[in-house]
1. Which condition from (1) in contact with a strand residue (DSSP E or B) (Cβ under 9 Å, 6 or more places away or on another chain); (2) part of a loop (DSSP other than H, G, I, E, B); (3) at pLDDT below 95 is the one that PHE129 breaks?
2. Report, by residue number, each residue of the range 112-133 that is farther than 19 Å from LEU45 by Cβ and in contact with a Lys or Arg (Cβ under 9 Å, 6 or more places away or on another chain).
3. So GLU138 passes all but one of these: (1) surrounded by 14 or more Cβ atoms within 10 Å (Cβ to Cβ); (2) within 17 Å of the chain's Cα centre (by Cα); (3) modelled with pLDDT of 90 or more. Which condition number does it fail?
4. Determine the pairs where a residue that is under 15 Å from ASN168 (Cα atoms) and part of a helix (DSSP H, G or I), located within the range 142-153, has a partner that is at pLDDT below 90 and acidic (Asp, Glu) with Cβ atoms under 8 Å apart, the partner being 6 or more residues away or on another chain.
5. Mind checking which residues of the range 34-83 are assigned to a loop (DSSP other than H, G, I, E, B), in contact (Cβ under 8 Å) with a residue 60 or more places away in the chain, closer than 18 Å to LYS111 by Cβ and not hydrophobic (A, V, I, L, M, F, W, C)?
6. Do we have any residue at all in the range 10-19 that's among the β-branched types (Val, Ile, Thr) and at pLDDT 65 or above?
7. Which count do you get for residues in the range 84-116 that are surrounded by fewer than 19 Cβ atoms within 10 Å (Cβ to Cβ), part of a helix (DSSP H, G or I) and over 16 Å from the mean Cα position of the chain (by Cα)?
Amino acid sequence: MGLNLSLDSIHFLEYVCFSQGAHLKAKTAAGKNIFYSPLGISTALSMLSAGACDKTHSQLFSGLGYSTLNQTQVNEGYKHLFHMLGHSQENQRLDVGSGVAVHSDFSPLEKFLKDISHYYSGELFKVDFSKPDKAAAEINQFIANKTQDKIKDMVQDLDPTVAMILINYVYFRGRAHRDILKENRPCMKIASCFDVHIEMLHLYKFRCTFPFVV
């Protein structure tokens, strides 16, 4: 089963992704790369919807373009997607999954936790958010383990009143076929409302490792 987003929803997600990308770029040191995952955003919000109800659930579904679907269909769609993405091939590794860091004194509904584990490849672990530094270290260790130590110190300055953090991670390692050669910056029209100039690359015999987490 596929998850079909409406055209308006796709345009909205394009706008959000490129706007957030511009914000991240402004805060990134010169020469550093940014890897941004629309899949990570939609997965995290879909995980959140699995535990939401009433108006909150309706708003999440509306924003994600799921208005014609029910929660079971969305859950099954992500289960199928994670299953497909979980098959690495020769000279290529792709690890995709989720995590739920839950405050040691907080007990979410058991159905929510089971759904996150079953449909979203989620792993549950308890942390004590009343000790922010220790909680951050444990969450960062989880992320580092899942991304082969490529991403460290992702979480900082946690609020001690936090009850739960949803994590989505993607780790990819593969061998491309062409050298990277920087080309010009062609203009791409986004959502029929603004233009973005993007540096295009050619790849040749270049080993690329692209880990990122959202």
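1. (3)
2. Answer for the range 112-133, where residues must be farther than 19 Å from LEU45 by Cβ and in contact with a Lys or Arg (Cβ under 9 Å, 6 or more places away or on another chain): VAL127, ASP128.
3. Only one criterion is unmet by GLU138, namely (2).
4. LYS146/ASP95
5. Within the range 34-83, just GLY51 meets the criteria.
6. Scanning the range 10-19 turns up no residue that is among the β-branched types (Val, Ile, Thr) and at pLDDT 65 or above.
7. Counting residues in the range 84-116 that are surrounded by fewer than 19 Cβ atoms within 10 Å (Cβ to Cβ), part of a helix (DSSP H, G or I) and over 16 Å from the mean Cα position of the chain (by Cα) gives 6.
The values are calculated or read from the model by the stated rules, or taken from the named source; none is laboratory data. Quantities reported herein were computed from a predicted structural model and do not represent experimental measurements. Ideal geometry is used to build each Cβ from the backbone, glycine not excepted, and the neighbour counts take in all protein chains shown.
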